[in-house]
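Here is the structure we will look at.
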Ligand SMILES: [Zn+2]
């Protein structure tokens with residue numbers, strides 16, 4: 001699947017949303033160029049398995065960070081092993097329901113990593129052979 005900012009991944013998420021950064025908006029252009037060299041499969045799976053069902057159940061979902069190039073990840077202080085580097089993790093805000101309600105629901109059903117922060121929720125695809133963490137984060 002080729003990266004194109006206007007192409008729909010799912011009914012409510014476009015490929016362009018895979019490269020966003022609330023904290024480093026100036027790096028989005030570089031991140032998009034980088035994304036063109038990556039495949040979109042992991043981001044697509046996260047959208048289909050996670051984000052679209054959350055949207056259907058809890059209303060508007062705003063993505064504050066999804067795919068990160070190595071440069072963007074370093075600039076935002078992300079972990080060197082974060083799944084954001086493969087487009088298989090996203091940080092979301094759910095204005096109508098709030099991230100706590102979404103976390104409580106997903107804690108029972110989501111097979112991948114979940115980290116609840118005070119203002120956003122980090123959600124990632126399951127990794128083969130890795131028991132996922134569901135936890136409360138320590139910074140926002
Ligand atoms: Zn995250």
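Tabulated values for the structure
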quantity	calculated
Matching residues in segment 51-87 - criterion: being surrounded by fewer than 20 Cβ atoms within 10 Å (Cβ to Cβ), touching a residue at least 24 places away in the same chain (Cβ under 8 Å) and in a loop (DSSP other than H, G, I, E, B)	59, 60, 76
Residues within segment 98-140 that are away from the ligand (no atom under 16 Å from the Cβ) and closer than 19 Å to residue 65 by Cα, tallied	2
Output for segment 92-114, where each listed residue is farther than 18 Å from residue 48 by Cβ and either in a helix (DSSP H, G or I) or touching a helix residue (DSSP H, G or I) at 6+ places or on another chain (Cβ under 9 Å) (or both)	93, 96, 97, 98, 99, 100, 101, 103, 104, 107, 108
Residue 38, sole failed condition from (1) more than 17 Å from residue 76 (Cα to Cα); (2) surrounded by fewer than 19 Cβ atoms within 10 Å (Cβ to Cβ); (3) modelled with pLDDT of 90 or more	(3)
Pair list, Cβ under 9 Å, 6 or more apart: segment 88-107 residue at positive phi, other residue part of a helix (DSSP H, G or I)	98/58
Flag for residue 47 being touching a residue at least 24 places away in the same chain (Cβ under 8 Å), under 18 Å from residue 15 (Cβ atoms), surrounded by 19 or more Cβ atoms within 10 Å (Cβ to Cβ) and away from the ligand (no atom under 11 Å from the Cβ)	yes
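The values are calculated or read from the model by the stated rules, or taken from the named source; none is laboratory data. Small disclaimer: the values here were computed from a predicted structure and weren't measured. We place every Cβ from the backbone using ideal geometry, glycine too, and count neighbours over all the protein chains shown.
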